[in-house]
1. Consider just the alpha-carbon atoms of the chain and return their Rg together with their Dmax, both in angstrom.
2. Using +1 at the Cβ of each Lys and Arg and -1 at the Cβ of each Asp and Glu in the chain, identify which of GLN475, GLY149, ALA673 lies farthest towards the dipole's positive end.
3. If you count, for each residue, the other Cβ atoms within 10 Å and average over each peptide, how do 381-392, 416-427 line up from highest to lowest?
4. With a/c under 1.5 counting as rounded, go ahead and sort region 350-502 into rounded, prolate or oblate using the C-alpha gyration tensor (a ≥ b ≥ c being the square roots of the eigenvalues; past the cut-off, prolate if a/b is larger than b/c, else oblate).
5. Treating the beta-carbon of each Lys and Arg as +1 and of each Asp and Glu as -1, no other charges, what is the dipole magnitude of the chain about its Cα centre, to the nearest 20 debye?
6. Between the helical axis of 348-369 and the dominant principal axis of the chain, each derived from Cα atoms, what acute angle in degrees is found, rounded to the nearest 10?
7. Percent antiparallel among DSSP beta bridges with both residues in the chain, to the nearest 5?
8. Which shape class, rounded, prolate or oblate, goes with region 634-699 when its Cα gyration tensor gives a ≥ b ≥ c as root eigenvalues, a/c under 1.5 marks rounded, and past that a/b bigger than b/c marks prolate?
Amino acid sequence: MPAHEETSEDTSEATSGPLDGERAHLAGSRAALRAMREDVQALDIRDVTANWVNAAVLQAQIDDRIKALADLSHTPLFFGRLDYRHPVGAREAEGSGGEQFYIGRRHVHDAHGDPMVIDWRAPVSQPFYQASRNNPLDVDRRRRFGYTGGELTAYEDEHLTDPAETERTSKLLQAEIERPRVGPMRDIVATIQPEQDEIVRSDLGGTVCVQGGPGTGKTAVGLHRVAYLLYAHRERLARTGTLVIGPNRSFLHYIEQVLPALGELEVKQATVEDLVTAQVEVRGTDEAAAAVIKGDARMAEVLRRALRSHVTLPTEGVVVVRGSRRWRVPAYEIEEMVVELLARDMRYGAAHEALPQRIAHSVLVRMEEAGEAPDDRVQNAVARTPAVKAAVKAVWPAVDPAKLVLRLLADPGFLAAHAEGILTDDEQKRILMARPARSVKSAKWSAADAVLIDEAGDLVARTPSLGHVVIDEAQDLSPMQYRAVGRRCSTGSATVLGDLAQGTTPWSTESWAQALFHLGKADAVVEELTAGFRVPREVIAYASRLLPAISPGLAPVESVREAPGSLAVREVAGADALDGAVVAACEESLAHEGSIGLIAADARVPALADALTAAGHTYLSPGEETTAASRLTLVPASLAKGLEYDYVVLDEPAAVVDGEPDERTGLRRLYVALTRAVSGLVVLHAAPLPEQLGRGGGADRARAGDQ
């Protein structure tokens, strides 16, 4: 591993003095962190809480603080150091003595309150990511640290203001990026690049969309952005909440340790399906064509029309009896109220609540004209009278969102009346239930149906908004799903992460402008990450041959990692020999350090599972955490998105393509599978490879025997 080096690229550990000093600072910092944690654990709240509710809330906050101050032995407490030329915030003329700061995952101070480690999110830490020789930001020296098993073993210096020192790639930085991965996704806090840092530190008030190809770190950037926003706007986000949305549970399990490693414990994680199934259970599925129509934004207008069809103009007035007096509100006056509420385009439920109050107010006006002096209590009492309730029920009845959607999907006449001019006759037939359910509970709702119910629910009552939402793999959402997510950050902001080339649903978005419009964030800034730090250059170049077919015009990722021999494409003589060749390739990969993913078309997974078992190999399923003793995961292609493995064995590319409803979606699924490897990829096939992977794109085709 690279160690201390001052002025040349040759690294060694000959200079032990500075290294010993840094180790001593690490030991002191760990001791200070333990003391901070013990101080919190020793807090006695018995005399500072008024009641048991306050005590419970305060104790929960203390418990969270104790968790946040945990010292993770396998995680470096600091990873860098900045030596400033002048005191931070001072002009050059105000002093020549600089300051020194250690940069880490969280703030640590000593018994006197002096900082020993500065949180990477603090403004004083930003030059660690942004300083360069062209713009040193008053940093004289940037030091990076190397660790082995949690022990500080090396360091590397850059003298940003020394004209004699040449520009070079950090070997410690490269080693950290390429370090084998076992277990859940790691944070990238030690390796954030300048273009990534700018996105991470974007202001809370604006929505950011990050288009990033495989290996560009977009997921990690999104998670670190959440951590940064919680640091910079903690009180506000503590009130409004944050949420990370992922494509499936396996993916969420893979990323769930990143934020806790940065000291953030309060961020919730969910899939879109989790968000929209509070009222109904998903037990059914849709054909692709039906799901596309149900996910189309036009369905929002169909639902709005269907809901508003329940409003009818009154045909008679309301008579309210109060004691010996009778007060009449004529039909035309109630009609004016209804028309005015419709014109205001209020939520249906809010208008349903407002109408009885308006009728009651009209009664109060008549009472006052007659010389009485009613107050608000009288108005509320009038609004609750049977006569007013009956009038409101007839004119503006309460509507259950799930029942509304059930009627639309089960009643051809009702659907036709409200989809006229929006959906074609054929589209209406495709979304109608083959066997109409009798009730909401008996209906076999699909995931797309649940989104429709969520939309209808928002038309009735506004969905509460969070402060910030992160949406990963966003290219796979339908317009209606975007609307569902957008409702949950309508007064907040969002970080949208995705890659148009990896859209593998029939309804995947064609452009970020379109997606952001449906999200309700049309003014979002779109950033593109094109520098790849994870996937080797040979592997990404091979996968990029598919781009002209799956996402024309999208710039390919330019990997900064050269790894000769990282790609092997092997043809197997006959399908009968394929399973054995796959097992052999897995054994070959297991000889290396790190995690191994065997990715195959979903239909091929059972056969490969049997082959692995017969050969005596145990394997994990996606979402199960890899360990040093269990490093092989068998991954259906449909669940590979967002996951990374040091070495990947890809079984039968043609089967991956054929497993999808159309060729473009299949090729996109293949693109995802080809780009999951961090160190090496072996592609095995008995059937001919898809023609789009043929010779082209300036990359040499790797064949069996070439690697």
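What follows is calculated from the coordinates using simple rules that are stated; it is not laboratory data. For clarity, every value in this text was computed on a predicted model and none was experimentally measured. Cβ sites come from the backbone with ideal geometry, for glycine too, and all protein chains shown count toward neighbours.
1. When restricted to Cα atoms, the chain yields Rg and Dmax of 30.8, 103 Å.
2. Farthest towards the positive pole: GLN475.
3. On the way: 381-392: 17.7, 416-427: 14.4.
Packing proxy ranking, top to bottom: 381-392, 416-427.
4. Numbers: a/c = 3.27, a/b = 1.67, b/c = 1.96.
The shape class here is oblate.
5. Details: 77 positive and 102 negative charges, 613 e Å.
So the magnitude is around 2940 debye.
6. 40 degrees
7. Details: 26 of 73 bridges.
So the antiparallel bridges amount to about 35 percent of the total.
8. Numbers: a/c = 1.56, a/b = 1.15, b/c = 1.36.
Taking the square roots of the gyration eigenvalues as a ≥ b ≥ c, region 634-699 is oblate.
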